[in-house]
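A short worksheet on the structure shown next.
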Amino acid sequence: MGILDYLKESLSAGISDFMKEIEREFSRTILKRVYLIKKQIMKELIAIFIILISLGLLAISAIFFLIEYIHLNKTISFLIIGIIVLIIGIFVKITN
């Protein structure tokens with residue numbers, strides 16, 4: 001029985017090493033994909049953040065344009081820009 005036990009242990013060790021190598025490769029592949037997805041999400045979030053800041057600055061500049069050059073009062077200027085932003089938001093919501 002010594003030879004059979006030796007064959008059994010060596011096969012078991014070989015299979016165990018093979019399974020560990022598959023596990024390492026699988027984990028490495030998953031970690032690479034998670035990193036790429038995380039990197040893509042961060043790029044998207046930064047882009048959205050920059051777009052939101054630029055939209056805010058454009059809205060403020062439009063308000064000052066209405067106040068200084070069109071000579072509307074501040075209330076009407078904010079109302080007009082608010083309505084425009086609301087309409088754009090509704091349009092974006094409908095199209096998605």
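Each value in this text was obtained by applying a stated rule to the coordinates, not by laboratory testing. Worth saying up front: this structure is predicted, and the values here are computed from it rather than measured. In this analysis, Cβ positions are derived from the backbone assuming ideal geometry, glycine residues included, and neighbour counts consider all displayed protein chains.
Points to keep in mind about this one:
- In the set (i) 2.49; (ii) 1.81; (iii) 1.01, the label that goes with Cα Rg over 2.2 N^0.38 Å computed for this structure is (i).
- Between 0 and 90°, nearest 10: helix 74-95 axis offset from the chain longest Cα axis: 40 degrees
- Measuring against 31 Å, Cα to Cα, the residue pairs K43/K74; K39/K74; K38/K93 contain K43/K74; K39/K74 as the ones spanning a longer distance.
- Qualifying chymotrypsin sites (Phe, Trp or Tyr not before Pro) for the stretch 10-96 [loop in DSSP, other Cβ within 10 Å: at most 10]: Y69
- Helix 2-68 vs. the chain, principal-axis angle (Cα, 0 to 90°, nearest 10): 0 degrees
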